[in-house]
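This report refers to the structure that appears directly beneath it.
The values are calculated or read from the model by the stated rules, or taken from the named source; none is laboratory data. Bear in mind the structure is a predicted one, so any value in this text is a computation, not a measurement. All Cβ positions, even for glycine, are placed from backbone atoms using ideal geometry, and neighbour counts span all protein chains on display.
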Amino acid sequence: MTVDHAPGNASSAFGSRGVTRRIGALARHLPFHGDRLLDVGCGDGTYTVELAGGYVRVDAVDLEPDRLNAFARRIAGTALEDRVGVHKMSADGLAFEANTFDRVTAFDLFEHVDDPEAGLREVRRVLRPGGALSLTAPNRWFPFETHGVLWGRRRRSTLTAPFLPWIRPLHERMSDTRAFTTQQMGRLLRGVGLRVCAIDYLMPPLERRPAGLQTLSDTMEETPLRVFGMAMAVTAVKPGR
């Protein structure tokens with residue numbers, strides 16, 4: 001499986017506020033604490049480091065050596081160095097034994113992978129019975145493609161093609177990432193044997209925007225307009241306990 005990371009993917013593409021809000025949404029589904037955590041598509045470790053304090057042992061995997069090296073340098077000489085393992089590894093080829101992890105996280109990953117179903121099957125395999133996968137992914141009903149728009153071979157601003165994600169055949173031609181409806185994501189998860197227990201929507205974090213706009217965006221998550229949020233936050237459980 002290849003993962004074509006957009007700049008800042010799995011790190012701070014949405015700023016510190018975006019990272020905090022993604023983690024917060026998933027923590028409301030299920031608190032982040034336990035024995036073992038696996039962060040798939042960890043990038044430079046921005047999310048992993050935030051979550052590591054709740055676990056005895058953490059493993060983090062990605063395919064991009066530069067990001068993994070940056071992650072390793074980040075934790076070198078810190079209290080996390082002995083508790084966090086950083087590995088070059090594909091999501092559909094996880095070199096861990098079955099039934100290993102209490103929690104698996106995947107922040108903004110499955111829109112990039114070649115075969116999301118294969119990756120999700122591997123996640124289910126390495127989860128312990130009763131363990132949970134928590135992920136974030138683009139919401140197809142958000143009217144802009146957040147990774148930019150491909151006009152020929154050039155990537156243009158998201159604003160050059162409003163409502164592109166709503167027109168799936170055109171979106172597939174003009175984007176190199178996926179977007180999901182919650183129904184599509186639910187079918188994917190159920191198809192690999194995971195039980196969906198919570199889905200929420202996240203509006204844009206509007207990092208470096210006026211506080212009033214941030215408050216408005218946050219407030220919209222409490223209204224029916226949340227279905228047009230930029231991302232979904234999903235937690236699913238492996239049955240068996």
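In segment 187-219, how many residues are charged (D, E, K, R) and within 17 Å of the chain's Cα centre (by Cα)?
Qualifying residue count, segment 187-219: 1.
Considering only helices (runs of 4 or more DSSP H) fully contained in segment 139-241, which possess at least 1 residues that are farther than 20 Å from Ala118 by Cα and charged (D, E, K, R)?
Of the helices (runs of 4 or more DSSP H) lying wholly inside segment 139-241, those with at least 1 residues that are farther than 20 Å from Ala118 by Cα and charged (D, E, K, R) span 168-174, 211-220.
For Asp44, are the conditions met, namely being over 20 Å from Val237 (Cα atoms) and touching a residue at least 24 places away in the same chain (Cβ under 8 Å)?
Numbers: over 20 Å from Val237 (Cα atoms): yes; touching a residue at least 24 places away in the same chain (Cβ under 8 Å): yes.
The answer is yes for Asp44.
Yes/no per residue for (1) modelled with pLDDT under 95; (2) over 18 Å from the mean Cα position of the chain (by Cα); (3) hydroxyl-bearing (Ser, Thr, Tyr); (4) surrounded by fewer than 13 Cβ atoms within 10 Å (Cβ to Cβ):
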site	(1), (2), (3), (4)
Val149	yes, yes, no, no
Pro162	yes, yes, no, yes
Met185	no, no, no, no
Thr235	no, no, yes, no
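Residue pairs, Cβ under 8 Å, 6 or more apart or interchain, first in segment 59-88 and hydrophobic (A, V, I, L, M, F, W, C), second surrounded by fewer than 18 Cβ atoms within 10 Å (Cβ to Cβ) and part of a strand (DSSP E or B). List them.
So the pair list comes out as Ala60/Gly85; Ala60/His87; Val61/His87; Val61/Lys88; Leu63/Lys88; Leu68/His87; Leu68/Lys88.
Which ones in segment 151-208 are charged (D, E, K, R), without any contact (Cβ under 8 Å) to a residue 40 or more places away in the chain and in contact with a helix residue (DSSP H, G or I) (Cβ under 8 Å, 6 or more places away or on another chain)? If you could, list the steps in order and put the result at the bottom.
Initial filter on segment 151-208 (charged (D, E, K, R)): 153-156, 168, 172-173, 176, 178, 187, 190, 195, 200, 207-208.
Narrowing further to those that are without any contact (Cβ under 8 Å) to a residue 40 or more places away in the chain: 153-156, 168, 172-173, 187, 190.
Answer for segment 151-208, where residues must be charged (D, E, K, R), without any contact (Cβ under 8 Å) to a residue 40 or more places away in the chain and in contact with a helix residue (DSSP H, G or I) (Cβ under 8 Å, 6 or more places away or on another chain): there is none.
Among what's in segment 107-138 and is charged (D, E, K, R) and outside any loop (DSSP other than H, G, I, E, B), pick the residue that is nearest to Leu94 (Cα to Cα).
Within segment 107-138, the match that is nearest to Leu94 (Cα to Cα) is Glu122.
Identify, by number, the condition in (1) closer than 17 Å to Arg190 by Cβ; (2) surrounded by fewer than 18 Cβ atoms within 10 Å (Cβ to Cβ) that Asp114 doesn't meet.
Here Asp114 meets the rest and fails (1).
With the structure loaded, tell me whether Leu150 is farther than 24 Å from Met203 by Cβ and outside the structural domain of Ala231 (by TED's automatic domain parsing) or whether it fails that test.
When the stated conditions are applied, Leu150 passes them.
Name the residues in segment 25-43 that are buried (at least 24 other Cβ atoms within 10 Å of the Cβ) and either polar (S, T, N, Q) or part of a loop (DSSP other than H, G, I, E, B) (or both), would you?
Those that are buried (at least 24 other Cβ atoms within 10 Å of the Cβ) and either polar (S, T, N, Q) or part of a loop (DSSP other than H, G, I, E, B) (or both): Gly41, Cys42, Gly43.
Report yes if some residue within segment 205-219 is β-branched (Val, Ile, Thr), outside the structural domain of Phe163 (by TED's automatic domain parsing) and under 23 Å from Trp166 (Cβ atoms); otherwise report no.
Within segment 205-219, not a single residue is β-branched (Val, Ile, Thr), outside the structural domain of Phe163 (by TED's automatic domain parsing) and under 23 Å from Trp166 (Cβ atoms).
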